[in-house]
Amino acid sequence: MKKFNWKSILPHVAAVAIFLLIATLFSKPVLEGKVLSQLDITQWKGMSQSAFEYKEKHGHMPLWNTHLFSGMPNYQVALEGHNILPNINAVLTLGLPKPINFFFLACICFYILCVVLGSNTVVAILGSLAFAYCSYDPIIISVGHESKMWAIAYMPALLAGLVLLYEKKYVAGFFVSCIFATMEIGVNHPQINFYFAIVAFFFTVSYAITWIKQKEWRHIVITAALALAAVGVGLANSSLTLLTTAEYTKFTIRGGKLIDTANGQLVKAKTQGLDESYGFQYSAAKNEFLTFMIPDAMGRSYGNTTDKTFDENSKFVQALISKGVPENDAVSIGQNVRMYWGGILPSTSGAVYLGAIICVLFIIGMVITDDKYRWWILGACVFAVMISWGKNFAGFNRFLFNNLPMYNKFRAPSMAMVIPQLLFPLMAVLGLQKIFFTAGGKELLKKNFKKILIAVGAVFFIIILMWLSGDYSSPLDMDVKAFGDSKLGGAGSGLTYAMQQDRKSLLGTGILQALGFALITIGIVYAFLKTAIKPVYLVGGLLLVNTINLLYIDNIYLNQDNYQDSESYTSDNFTPNAAEAQILKDTTPHYRVLSLAGDRYNESQTAYYLRCIGGYHPAKLSIYQDLIENQIDKNNQGVLDMLDTKYLIAPPQQQGQQYTAIPRSSALGACWFVKEIKFVDGPVEEMKALDNFSPAQTAFVENEFKADVPQQPGADSAATIKLTAYDADDITYTSSSTTPQFAVLSEIYYPAGWNAYIDGKKVNYVKTNYVLRGLYVPAGNHTITFKFEPESYKKGQEYTYIGNSLVWLSFLLFLWSLWKGQKKKNIAA
């Protein structure tokens, strides 16, 4: 029996060690006991705290969250499921703390792709580090977009599974595809999944053309079946998330809207997906792709502490001084004006910098590599850039928005740049492998070296033309122009011109820097032709320079300033203010608060302790968003009463003052009987009816629910209904009346899971006052129960176990194939 060659794994061990070392050094503050201060994670902790407290008390997570927007599904905040798979993420990340784990995983997954493609270890390390340390990764980590980072990290490993399948390594390909489809889909970032699907589409079409030409019909059938099966396994393993999210989406702003505003009037609407204007927020400018090679091509960012601003040597500051602004004041103004002039507005945290060296290697790869890879990679990258333009390439993207499945569920088209983030390093790896570590590579390089010089030269020629003829204006300039015109005697145009000249100078400097990296890259490639230096050393040089360059840029966006001591982080974010502390003394089971401080619909610190009218979530229920826009923001007291708003939290009016709790005695509590029901024709009339009404007396119900309300409430001054038990997923009321009544319950209407029971018998309830639940209650004494029992959650759990079992089956098949292959080798030996 032939012994295993342990030396063969040493290069892979070395690669893993390098990934671990660099991730650890880059994230050094974690080793000092500090934690990342991430806005989105801070928001999530505020959203989910009540759920974790519930779990500590009851042993499981609730399915409904009572602390956000008067109530919403908790599985959109903190999902808890069960499975029979090991924690694959923890295994692949070695249980490392964040953000070390993010960078390490991205390296490992890209390295898996490189190994599958047969790349040399040094080339694979270069590509893996380039993928993991693209500037977009530290940017999204710094703000807390963790699910997005996980999804990006898993993309190359899933692509590796497809490569194995397409190269007829069916068993291994199926197993790898099952594992990483499970992880890619399971981290729950559908927009990144969507972009990976675009990559897979271009990749598959390229292979399919070859298969069809060669008439490999059997292979097409087998591959298609296994690929679809692997995706099915991934979907099954993620079905708990997918089914609940798909169900919830129908009722959110991403699923469309029921009403809209036209010419200042409410009108009926029935849309599917986001509004185009909302969906195309954060559209990149057409020249924004220059940041792939030049990190400050569009300035640096907007709304970030690391912004590039106008310093004392800038033309903008000098123009202010020339208009009579004192030098210190001019410098201060310059420091508060962002130099970013790209299209990603209202804000962006930084540029997608792939590395100048990687971009040059991409160009070289386009010249050198086979058609098998060249055209699908180029096509996917061009398609992604066009998507990223969003509203700035309106005809193309409007067509996709209206016709491409799922596309109208997402916003931030600029996020499509994750496709080049994956494919540029991949092309760089393919090109380097072809030149330095493939038989005949030097001859191929010699034959094509002139083409490489022409291609690289042509790219820089185009960039220089763009620099010379570019428009350096930005919508943000209007504020500066208005300032100059009003405060400096009509100097607005002069100030904006100075700003634009500074931007042009900044881009020019960036072009020179990129040209320097291009010369280094070309020089190293040329050295391979003219010297006897071993290829591994030359590629190692590229690896070193490229990694240092990327880490330098990354450190701008994720550095010591992003970390905090654990105690101070908790104290700064989750210590109740004076108003919250006062309200917490109220131990009654049902009431809500409305914070008047800041953006009450984009903060969740208040929800950490209290049940809120506001909160934070990227996909609110559409009926609740309608109520916010049309009633709550207009300070409709009746609406606040029906939402049981018992307290307002007022911010300090002057420095040194504290937050103040303002009691509201008119809040209606958890439930009440109304005197009359008024039926309205559709959502527009229902919303208008709330403009001026007494919620204690009248309830509004749409005509479509008439069958569930057989008669008006009967006269009974002694009729009562009260809350007797309040649990997140189970609410109990008792009622007593001598005539039929109509109860309004201060809970958000959500028909996908909430069921009503009177004395144990299931009954129908109706949408009332646009967002609440209403219930016809017969005469007599009754126990009324509402239970949250979403079928999507139950089915999702069942499908998860099926998917888990299929993963184990694919693993056993993989082990069997390895054993069978080794047995054949032993017999042959």
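The values are calculated or read from the model by the stated rules, or taken from the named source; none is laboratory data. Everything numeric here is computed off the predicted structure, so don't read it as measured data. Here the Cβ positions follow ideal geometry from the backbone for every residue, glycine too, while neighbour counts run over all protein chains shown. Ligands, DNA and RNA are stripped out before the accessible areas are found, and what is left, the full protein with its side chains, is counted by its heavy atoms. Shrake-Rupley method; radii C 1.70, N 1.55, O 1.52, S 1.80 Å.
Here is how the numbers come out for the structure above:
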{"read-out": "Cα Rg over Rh - region 72-187, Kirkwood", "value": "1.00"}
{"read-out": "Ellipsoid equivalent to region 530-639 - semi-axes via the Cα gyration tensor, in Å", "value": "52, 20, 10"}
{"read-out": "Accessible area (Å², 1.4 Å probe, nearest 10) - T24", "value": "30"}
{"read-out": "Average Cα contact separation per residue, the chain, under 8 Å, 6 or more apart, as relative contact order %", "value": "16"}
{"read-out": "Cα Rg, Dmax (largest Cα-Cα span) when computed across region 277-406, Å", "value": "19.2, 63"}
{"read-out": "Unsatisfied cross-links (Cα-Cα over 19 Å) in the set K45/K148; K706/K767; K148/K250; K767/K787; K450/K530; K169/K820", "value": "K148/K250"}
{"read-out": "Peptides ranked, highest mean first, by Cβ atoms within 10 Å: ranges 488-500, 119-131", "value": "119-131, 488-500"}
{"read-out": "Alpha-carbon centroid distance for the pair region 687-759 / region 318-344, whole angstrom", "value": "59"}
{"read-out": "Solvent-accessible heavy-atom area per residue, rounded to whole Å², over the chain at 1.4 Å", "value": "43"}
{"read-out": "Computed [θ] at 222 nm, deg cm²/dmol, the chain (DSSP H ≥ 4; -39,500 (n - 2.57); rounded to nearest 500)", "value": "-17000 deg cm²/dmol"}
{"read-out": "Between 0 and 90°, nearest 10: helix 217-237 axis offset from the chain longest Cα axis", "value": "40"}
{"read-out": "Peptides ranked, highest mean first, by Cβ atoms within 10 Å: ranges 468-474, 639-645, 651-657", "value": "639-645, 468-474, 651-657"}
{"read-out": "Probe 1.4 Å - accessible area at W808, Å² to nearest ten", "value": "100"}
{"read-out": "Most to least packed among 217-226, 39-48 [average Cβ atoms within 10 Å]", "value": "39-48, 217-226"}
{"read-out": "Taking the C-alpha atoms of region 596-649, convex hull volume expressed per residue in Å³", "value": "84"}
{"read-out": "Whole-angstrom Cα spans of region 618-682 along principal axes, big to small", "value": "51, 30, 18"}
{"read-out": "Cα Rg over Rh - region 466-520, Kirkwood", "value": "1.18"}
{"read-out": "Accessible-area ranking of E567, E80, E32, largest first, probe 1.4 Å", "value": "E567, E32, E80"}
{"read-out": "Calculated from backbone phi, Karplus (6.51, -1.76, 1.60) coupling profile of region 544-560 in Hz, x at Gly/Pro", "value": "5, 5, 5, 5, 4, 4, 5, 5, 4, 5, 4, 5, 5, 9, 9, 9, 3"}
{"read-out": "Region 13-75 and region 162-188: distance between their alpha carbon centers, rounded to Å", "value": "28"}
{"read-out": "E216-A229 pseudo-label distance in nm [points 7 Å out on the Cα-to-Cβ vector]", "value": "1.8"}
{"read-out": "Cα centroid separation, region 546-569 to region 240-283 (Å)", "value": "36"}
{"read-out": "Candidate values (1) 31.0, 109; (2) 27.1, 91; (3) 30.2, 101, label of the one derived for Rg and Dmax of the Cα atoms in Å", "value": "(3)"}
{"read-out": "Residue-level accessible surface for K706, protein heavy atoms, 1.4 Å, Å²", "value": "110"}
